[in-house]
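K.L.:
So that we are looking at the same thing, I have put the structure below in structure tokens.
The values are calculated or read from the model by the stated rules, or taken from the named source; none is laboratory data. From a predicted model like this one, the values you see are computed outputs, not experimental measurements. Please note: Cβ atoms are built from the backbone with ideal geometry, for glycine as well, and neighbour counts cover all protein chains shown. Just the protein is used for accessible areas: all its heavy atoms, side chains included, with ligands, DNA and RNA removed. Shrake-Rupley method; radii C 1.70, N 1.55, O 1.52, S 1.80 Å.
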Amino acid sequence: MSAAFDLVILGAGPAGMSAAIAARRHGLSTVVLDDQPEPGGQIYRAVERRARSADAASLGPDYAAGAALVEIFRRCGADYRPVTQVWQIGRDLTVLASHAGASSAFAARAIVIAVGAAERPVPIPGWTLPGVMTVGAGQILLKASAVVPPQPLWIAGQGPLPLLYAAQLIDAGMPPAGILDTTPQGALARSWRHLPGALANWRYLPKGLSYLAAIRRAGVPLVRHVTEVAALGDGRVTSVRYAVGGRLHEAAAATLLLHEGVVPHVHMSLSAGVRHSWDDTLQAPVPVLDAWGETSLPGLFVAGDAGGIGGAAIAAIRGERTALRVAHRAGRIDYAQLQERDKTAGLQMRRHEQIRPFLNAVFTPRKAIHVPGDDVIICRCEELTARDIRQAVAAGCVGPNQVKAKTRCGMGPCQGRQCALTLQQIVADARGVAVAELEQLTIRPPLRPLTLGELASLDHHHGSANLT
Amino acid sequence: MFTRIGPETGANLTVHVDGKPVSVRAGDSAATAAMLAGLLPSRLTPVSGAPRAPYCMMGVCFECLMTIDGVGSRQACLEPVREGMRIEVQSGRRTLTP
Ligand code: FES
């Protein structure tokens, strides 16, 4: 099946929904492809169902606010396709996606990638053991299904999300066994100079402090300046080991949830072959975008956290701006209207952005996370360790793609979604060069494992034209 | 044990996790159903047979690959449960397509 649209949006989170709403307001034919069953993205996951339920209050006011956006999105007139997995973005602006075992092609005048952020990989000893998950995974279980993983449950990492999740567990009457805060000593002190900006955007700070207060009231141990977190167990995690000030500790654990911040989910934009650069603050690659979110491939845009971390409010503004740009290109609004609308959006965006320098300074990604010890698994799919990567570099591989060809790192089903970041950092570290100097891992379609049926269901033209 | 807390958020359904009937809710994913049924690991790797389980729950890590309704290598965290769905441990490589 094949269909043509003015705008094809990938992702139904804040950026994708806002882009769709704005595009529809200006009469653009719009389709939204999302791999989740409900709109909202990860931040507003299952928001429609949960906002109606009796425990909605425990999920916080921001989450409830997402329900309003979803409601407008539902009525905006975009063709919304949930549980639809994109597996190719062609340079001719054709998107191939599969749903319920059959594939379709979507020809677009413009594409917006709005797939959001992903949690940074946390390669520590034992992170492949069943029972070890990300904090994001824990939160998804909570939001989508009201499910809490087995106790004793430990949370290890840094950033606002572990504190928020811990506070939610406490609220639900299932407090975690403890929180291992990996924020390095001195990070908070260094961040004070950004405090005025953070205070100007007063909404964010009280939130963080209220999580901390809830954790303290509940008597949940919050261990600071933790290093060397490891999951131990045979066949599944049974304990967590960590160091504080050089001394090792161990505690029983049935669940260990990890989180070291989020990075833009660049898999889709990488697969389109557009330019990316290395963002030193995020310690991650980001697509190179113009002021409207357009990539180096004309007509292909990135909006929201997939283009750089800003959070839900900024993502929604970016989505709207991108759609306005597309509407302008299509002749639906003139330049004056575009400028006018953009002035308001720019103001809103700057207000929300004031907290960023503060958060970035507190939660700076730690180098130790990216350059783990020799025995730690880097590529979960192909079961390769940091040693395998270092040996490949020693044998003459100078970049991620050569290491991939030599070792199969990044060739498993996840195609490097989990390992690419670590791979880059280890190669750079082993070679003694800046990671910014390295190329990005080349990503080729299909972006998901496909069945023969999913391939065969495409009409002949697209099947043969795009897969070669 | 994975524990369900809070009030109803969806209709009750029955799925079969490795042959055992399990009561789940509309809105759960197949991966959630497997975990509620106590099915850890949910797959054994094709490389060394190591036990694995869902890790990210958002479609990024591919650790949740399971056999669903007879089709191998489905990302269980992205598959909403359906009445009568069969969810099974995946051991080694899937046999459908490379
Ligand atoms: S749990 Fe990570 S892709 Fe499903």
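K.L.:
How high is the FRET efficiency from A:V433 to A:V223, r the C-beta distance, R0 35 Å, rounded to 0.05?
P.N.:
On the way: r = 35 Å, r/R0 = 1.01.
Efficiency at R0 = 35 Å is approximately 0.50.
K.L.:
From other protein chains only, count the Cβ atoms within 10 Å of every residue's Cβ in B:41-53, then give the mean. Intermediate results must be reported in sequence, preceding the final value.
P.N.:
Details: counts 5, 1, 1, 0, 6, 5, 7, 1, 0, 7, 6, 7, 8.
That average works out to 4.
K.L.:
How many Å² of accessible area per residue for the stretch A:249-394, probe 1.4 Å?
P.N.:
Details: 5560 Å² over 146 residues.
Computed with neighbouring chains in place, this is 38 Å² per residue.
K.L.:
Could you tell me the calculated FRET efficiency between A:L248 and A:D334, based on Cβ-Cβ distance and R0 = 51 angstrom, to the nearest 0.05? Can you show the working numbers first?
P.N.:
On the way: r = 66 Å, r/R0 = 1.29.
That gives a FRET efficiency of 0.20.
K.L.:
Quick one: buried accessible area between B and A, total over both chains, 1.4 angstrom probe, nearest 100 Å²? Don't jump to the answer; show the numbers that get you there.
P.N.:
Values: alone 5780 and 19920 Å², together 21660 Å².
The B and A chains share an interface burying roughly 4000 Å².
K.L.:
How much of A:D234 can a 1.4 Å solvent probe reach, expressed as accessible area in Å² and rounded to 10?
P.N.:
Here the accessible area works out near 150 Å².
K.L.:
Whole-Hz Karplus ³J(HN,Hα) for the stretch A:431-444, in order, using 6.51 cos²θ - 1.76 cosθ + 1.60 and θ = phi - 60°, x for Gly and Pro?
P.N.:
8, x, 10, 6, 5, 4, 7, 7, 6, 8, 4, 7, 10, 10
K.L.:
What aspartates and glutamates sit close enough to A:K406 to cross-link, taking a C-alpha to C-alpha distance under 13 Å and skipping anything fewer than 8 places away on the same chain?
P.N.:
A:E382, A:D388
K.L.:
For the stretch A:67-80, take each phi angle, set θ = phi - 60°, evaluate the Karplus expression 6.51 cos²θ - 1.76 cosθ + 1.60, and give the result in whole Hz per residue in order, putting x for glycine and proline.
P.N.:
Working through the residues one at a time gives 4, 5, 4, 4, 5, 5, 4, 4, 9, 7, x, 6, 7, 9 Hz.
K.L.:
Also: How high is the FRET efficiency between A:R75 and B:I5 when r is their beta carbon distance and R₀ equals 30 Å, given to the nearest 0.05?
P.N.:
Details: r = 32 Å, r/R0 = 1.07.
It comes out at approximately 0.40.
K.L.:
Hey, got the average number of other protein chain Cβ atoms within 10 angstrom for residues in A:125-136? If you can, show how the numbers build up before the last one.
P.N.:
Working: counts 0, 0, 1, 8, 7, 13, 3, 4, 8, 7, 0, 5.
Averaged over the peptide's residues, the number is 5.
K.L.:
So what J values fall out for the stretch A:96-104 if you push phi through Karplus, 6.51 cos²θ - 1.76 cosθ + 1.60 with θ = phi - 60°, rounded to Hz, Gly and Pro as x?
P.N.:
10, 9, 10, 9, 6, x, 10, 9, 9
K.L.:
Between the stretch A:1-43 and the stretch A:258-275, how far is it from one alpha carbon centroid to the other, in angstrom?
P.N.:
19
K.L.:
Additional query: Can you give me the distance in nm between label points at A:E48 and B:T14, each placed 7 Å from the Cα along the Cα-to-Cβ direction?
P.N.:
If labels sit at A:E48 and B:T14, their model points lie 2.8 nm apart.
K.L.:
Taking amide hydrogens as modeled 1.01 Å from N in the peptide plane, which residues meet the under 5 Å criterion relative to A:C379, leaving out close sequence neighbours?
P.N.:
So A:C379 has HN proximity to A:L384.
K.L.:
Follow-up. Residue separation times 0.36 nm, minus the C-alpha to C-alpha distance between A:D279 and A:R216: what's the value?
P.N.:
Numbers: separation 63, 0.36 × 63 = 22.68 nm, distance 3.51 nm.
Value of the extension gain: 19.2 nm.
K.L.:
Next question, about the same structure. Students often check this: by mean Cβ neighbours within 10 Å, which of A:130-137, A:172-179 ranks highest, and how do the rest follow?
P.N.:
Details: A:130-137: 25.1, A:172-179: 18.5.
Result, highest mean Cβ count within 10 Å first: A:130-137, A:172-179.
K.L.:
Compare the Cα positions of A:M133, B:P51, B:V24 along the charge dipole of the protein assembly as shown (+1 at Cβ of Lys, Arg; -1 at Cβ of Asp, Glu; about the Cα centre) and return the one farthest towards the positive end.
P.N.:
A:M133
K.L.:
Shape of the protein assembly as shown from its Cα gyration tensor (a ≥ b ≥ c, root eigenvalues): rounded if a/c is under 1.5, otherwise prolate when a/b > b/c, or oblate? Could the numbers behind the result be given before it?
P.N.:
Numbers: a/c = 1.22, a/b = 1.13, b/c = 1.08.
Cα axes put the protein assembly as shown in the rounded bin.
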